[in-house]
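Below is one structure, written out as structure tokens; comments come after it.
The values are calculated or read from the model by the stated rules, or taken from the named source; none is laboratory data. Everything numeric here is computed off the predicted structure, so don't read it as measured data. We place every Cβ from the backbone using ideal geometry, glycine too, and count neighbours over all the protein chains shown. Just the protein is used for accessible areas: all its heavy atoms, side chains included, with ligands, DNA and RNA removed. Shrake-Rupley method; radii C 1.70, N 1.55, O 1.52, S 1.80 Å.
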Amino acid sequence: MAETTKATAGYDPHTIERTWQERWEAEGLYRSDVDPAQPKHYALTMLPYPSGDLHIGHWYAMAPSDARARFMRMQGYNVLFPMGFDSFGLPAENAAIKRNIPPKDWTYANIERMRGQLKRMGMMIDWRREAISSDPEYYRWTQWLFLKLFEHDHAYRKHSPVDWCPQCNTTLAREQVIGDARLCERCDTPVTKRELNQWFFKTTAYAEELLSHEGIDWPERIQALQTNWIGRSEGASVVFRTEQDDELEIFTTRPDTLWGVTFMVLAPEHPLVAKLTTAEQKEAVEAYVEEASRQTDVQREAVGREKTGVFTGGYAVNPVNGEKIPVWIADYVLMSYGTGAIMAVPAHDQRDFEFAREFGLAIRPVIVPEGETPPDPDAMTEAVEAKGAMVASCELTGTPESEAMGKVNAYLESKGVGRAAVSYRLRDWLISRQRYWGAPIPIVHCDRCGPVAVPEDDLPVMLPEEVEWRPTGESPLKLHPTWRHTPCPKCGGDGERETDTMDTFMCSSWYHLRYLSPQYDDGPFDPAEYDYWMPVDTYTGGVEHATMHLIYTRFFHKACRDMGIVKGDEPMVQLRNQGIILGEDSEKMSKSRGNVVAPDTLVDRYGCDAVRAYLMFFARWEQGGPWSSTGIQGTARWLSRTWALFHDEPPATEDDATVLRRRVHQGLRKVTNDFNAFQFNTVVSSLMELLNDVTKARDAGHVTKAAWDEALDIYVKILAPVAPHLAEALWRGRGNEDSIHVQRWPEVDEKAAAEDEITLAVQVNGKVRDRITVPAGTSQDEIQAKALATEGAQRYLEGGEPRKVIVVPGRLVNIVK
């Protein structure tokens with residue numbers, strides 16, 4: 001006991017970790033270079049925003065990802081595991097205004113601090129490949145990629161609604177609109193909607209391809225979220241005409257209900273609202289439009305919300321029966337979805353039904369189950385499901401539901417008023433940001449030539465550093481006296497730079513490519529590096545990015561493929577998501593709740609390896625869970641016991657080591673399988689159990705020198721991805737010259753791992769009634785005979801013969817009476 005205590009006391013994680021981090025960096029241990037003789041593995045974890053400190057959530061995402069990358073390296077792969085910073089964004093602007101410092105200064109000071117924290121984490125990052133999205137060397141190629149999208153008609157400019165603060169006279173990001181009252185975070189003024197010219201990418205051009213996840217290993221949850229977000233619907237595009245002969249196009253998934261349309265509803269922002277509105281309705285319509293502009297899309301679509309709307313005074317003509325139908329506006333119709341106009345069929349849609357009842361509009365059933373008569377509209381209390389045959393539908397009356405879509409679409413096409421169509425919920429990606437701290441959009445506006453691309457030789461369009469920051473938050477680019485004025489690249493006349501900057505998701509859509517060659521000056525990446533490393537083999541990050549970043553980066557890759565810039569259909573082959581760490585109160589961590597865990601404090605107390613290991617151990621990685629400030633102590637004790645075991649005197653006995661070898665190789669097999677499956681919590685628990693087994697074998701004297709050496713060598717190797725510093729110190733302490741992190745992962749000796757005996761449960765009709773122990777390799781007939789002979793089986797069979805006996809190898813025998 002005294003020796004163990006002394007050895008345990010000798011474990012000094014801080015000295016060990018500092019020593020080996022310095023040596024690894026000096027020796028270039030984690031440099032990743034192209035090596036055609038080796039299979040590659042590109043492991044990528046989502047890059048952080050430089051907010052100032054790595055929080056425990058960063059550690060929870062990164063440390064297990066690092067352990068998996070180390071495991072893959074020991075499997076014989078040439079592993080690339082890079083890191084960078086997604087460094088453009090709104091927080092830097094807020095800091096500039098509040099602290100009166102340039103966003104660049106705030107950002108790069110934070111990067112310096114976070115880089116140090118990442119190094120202290122002991123990650124196997126090749127820092128030569130660091131990429132920072134706000135570096136001109138980076139955003140030069142962000143701008144170049146924009147120009148390629150513009151050149152191929154994947155980028156365009158149009159009017160679009162934005163959140164607008166009339167007091168600050170500026171647009172606001174979604175995060176700057178506060179609460180249900182939708183107030184400006186800076187001045188508490190009610191926020192409105194405003195139409196501005198903005199830039200978009202044509203993500204919808206790839207909607208169908210984005211629906212397919214064939215050939216990639218992504219979680220079903222992510223696939224479902226993306227599929228729902230893209231929202232593919234089949235139906236018909238139908239053109240109604242207003243009294244002024246303007247086209248009002250709608251999309252419907254049920255063209256067979258067109259004969260039941262009794263009114264139309266437009267989004268308050270629809271461009272035809274003003275033209276349709278009569279003088280008598282003008283005041284009411286304008287007031288409603290103003291009120292709707294202050295609501296979010298979520299508020300407007302809320303289930304159970306009281307239906308509101310205003311009649312425009314105008315009418316449209318139903319193209320299938322010539323009826324004149326009233327046109328209303330209502331906030332539950334969104335301009336951002338579909339065409340911003342719907343046909344209302346209150347007999348078969350509950351929302352339309354409630355609207356019709358609220359405003360006294362007609363209801364007409366046009367789909368009825370075969371053999372039944374249409375319900376009395378006046379007696380209806382809710383919409384009826386559109387199941388059955390068409391009725392009151394001119395020559396198509398009697399068409400069964402199974403044939404309705406095809407026949408109605410053919411009818412519409414024959415009349416020239418509609419066609420079969422597919423609609424998507426997905427919208428084109430709005431990339432314009434009326435902000436300073438972002439990649440400038442490389443376009444010059446010319447009154448004569450229109451929007452003109454900045455020549456590639458003039459890239460990057462640099463952000464001016466001497467800018468004026470106003471308390472309103474208005475972009476300094478709009479106010480700059482010289483930066484925005486420039487000659488038109490096409491005609492040489494007076495031009496004005498685009499003052500919008502790009503959405504930061506543009507920068508993060510291609511960062512994995514810049515990691516390949518961040519110093520490369522002839523393109524966004526070195527083609528030779530691309531050909532070796534791409535695609536990304538394993539990508540890790542949060543599920544919250546499913547419908548933004550993870551869609552944007554897939555779109556971006558596919559568009560670049562079609563422009564001949566990249567190869568292959570997908571950028572990332574395998575995706576895995578971590579869960580969320582909650583506070584000890586089981587609430588989301590936040591400074592206001594006072595439940596934030598500072599990883600630096602934990603490292604100061606327990607060492608980096610203990611924090612890494614505990615983050616892998618305390619919860620299932622893909623689920624997360626509440627933090628425990630006491631749980632990490634057990635993990636720290638395990639590492640201390642590991643140190644002690646390796647520093648105790650080796651056992652002097654030469655006894656039978658069969659059990660020790662069995663436990664070691666079973667543990668090796670379990671850890672290997674769990675690393676492959678991203679089951680990090682059971683990786684650590686298996687290591688803990690194996691330490692106990694090795695210790696028990698030593699204390700019992702059931703070891704030989706050869707088996708003991710094998711046990712320690714295997715143990716330290718499979719410990720290495722989890723606790724890299726401790727493992728390195730133990731490995732070198734055993735007289736090895738090369739780093740443990742360049743060793744091959746040990747192979748399981750299946751013969752040594754095999755059990756001599758196995759225990760099986762004996763069930764009768766699914767309930768355990770006894771157990772049997774048999775030698776490994778016993779035949780099924782012998783197992784059945786022994787199970788049937790047990791006291792438990794005999795008692796419940798009551799002297800009768802079983803109908804069936806099922807043997808589940810290695811687990812149980814089920815006897816069916």
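Annotations for the structure displayed:
- Residue count for the range 781-817 satisfying the condition of being open to solvent by 70 Å² or more (accessible area, probe 1.4 Å), within 14 Å of N765 (Cα to Cα) and either of a type in the set (S, T, Y) or touching a residue at least 12 places away in the same chain (Cβ under 8 Å) (or both): 5.
- Each residue in the range 433-457 was checked for being open to solvent by 40 Å² or more (accessible area, probe 1.4 Å) and part of a strand (DSSP E or B), and 3 of them qualify.
- Pairs with Cβ under 7 Å, 6+ apart, first in the range 568-593 and β-branched (V, I, T), second surrounded by fewer than 16 Cβ atoms within 10 Å (Cβ to Cβ) and not in a loop (DSSP other than H, G, I, E, B): V573/D217
- Any hit, the range 212-223, residues being under 30 Å from D376 (Cα atoms), assigned to a strand (DSSP E or B) and either out of contact with any Leu (no Cβ under 6 Å at 6 or more places or on another chain) or among the acidic types (D, E) (or both): no
- For V774, the test of being open to solvent by less than 50 Å² (accessible area, probe 1.4 Å) and free of Cβ contacts under 8 Å to residues at least 24 places away in the same chain is passed.
- Residue in the range 488-503 that is part of a loop (DSSP other than H, G, I, E, B), open to solvent by 60 Å² or more (accessible area, probe 1.4 Å) and modelled with pLDDT of 95 or more present: yes
- If only residues of the range 184-237 that are aliphatic (A, V, I, L, M) and open to solvent by less than 10 Å² (accessible area, probe 1.4 Å) are counted, the one that is farthest from L258 (Cα to Cα) is V191.
- Residue check, T339 under 25 Å from V238 (Cα atoms), open to solvent by 30 Å² or more (accessible area, probe 1.4 Å) and at pLDDT below 95: yes
- Residues in the range 369-401 that are of a type in the set (A, V, I, L, M, F, W, C) and over 19 Å from T252 (Cβ atoms): A379, M380.
- Within the range 740-763, being at pLDDT 90 or above, open to solvent by 10 Å² or more (accessible area, probe 1.4 Å) and more than 11 Å from L812 (Cβ to Cβ) holds for V742, Q743, R744, W745, P746, E747, V748, D749, E750, K751, A752.
- Within the range 365-395, no residue satisfies the criterion of being without any contact (Cβ under 8 Å) to a residue 24 or more places away in the chain, within 21 Å of G322 (Cα to Cα) and among the aliphatic types (A, V, I, L, M).
- Contacts under 6 angstrom Cβ, first residue in the range 682-709 being among the small types (G, A, S), partner open to solvent by less than 50 Å² (accessible area, probe 1.4 Å) and in a helix (DSSP H, G or I), 6 or more apart: S686/G667; S686/V671; A697/L660; A707/L660
Yes or no, residue by residue, for (1) under 30 Å from M616 (Cα atoms); (2) touching a Leu at 6+ places or on another chain (Cβ under 8 Å); (3) surrounded by 19 or more Cβ atoms within 10 Å (Cβ to Cβ):
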| position | (1), (2), (3) |
| --- | --- |
| L513 | yes, no, yes |
| T547 | yes, yes, no |
| K567 | no, no, no |
| M572 | yes, yes, yes |
| G579 | yes, no, no |
| S586 | yes, no, no |
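- Screening the candidates K275, K282 for the property of being touching a residue at least 24 places away in the same chain (Cβ under 8 Å) and either open to solvent by 40 Å² or more (accessible area, probe 1.4 Å) or within 21 Å of I363 (Cα to Cα) (or both) yields one hit, K275.
- Hits in the range 597-615 - residues which are closer than 12 Å to W59 by Cβ, of a type in the set (D, E, K, R) and open to solvent by less than 30 Å² (accessible area, probe 1.4 Å): R612
- Residue within the range 458-474 that is open to solvent by less than 60 Å² (accessible area, probe 1.4 Å) and under 30 Å from E249 (Cβ atoms) present: no
So that you can scan it fast, the table gives a plain yes or no per residue for (1) polar (S, T, N, Q); (2) exposed (fewer than 15 other Cβ atoms within 10 Å of the Cβ); (3) in contact with a Gly (Cβ under 8 Å, 6 or more places away or on another chain):
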residue	(1), (2), (3)
A379	no, yes, no
A386	no, no, no
T397	yes, yes, no
A410	no, yes, no
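- Qualifying residue in the range 346-356 (condition: open to solvent by less than 10 Å² (accessible area, probe 1.4 Å), of a type in the set (A, V, I, L, M, F, W, C) and in contact with a helix residue (DSSP H, G or I) (Cβ under 8 Å, 6 or more places away or on another chain)): yes
- In the range 58-98, residue surrounded by the fewest Cβ atoms within 10 Å (Cβ to Cβ) [restricted to those that are closer than 30 Å to A677 by Cβ and of a type in the set (F, W, Y)]: Y77
- Any pair with Cβ under 8 angstrom, 6 or more apart, that starts in the range 449-467 at a residue that is farther than 15 Å from W437 by Cβ and ends at one that is charged (D, E, K, R) and open to solvent by less than 50 Å² (accessible area, probe 1.4 Å): P451/E498
- Meets criteria (modelled with pLDDT of 95 or more, among the charged types (D, E, K, R), under 23 Å from the mean Cα position of the chain (by Cα) and in a helix (DSSP H, G or I)) for R73: no
- Residues of the range 466-483 classified as more than 35 Å from the chain's Cα centre (by Cα) and modelled with pLDDT of 90 or more, total: 3
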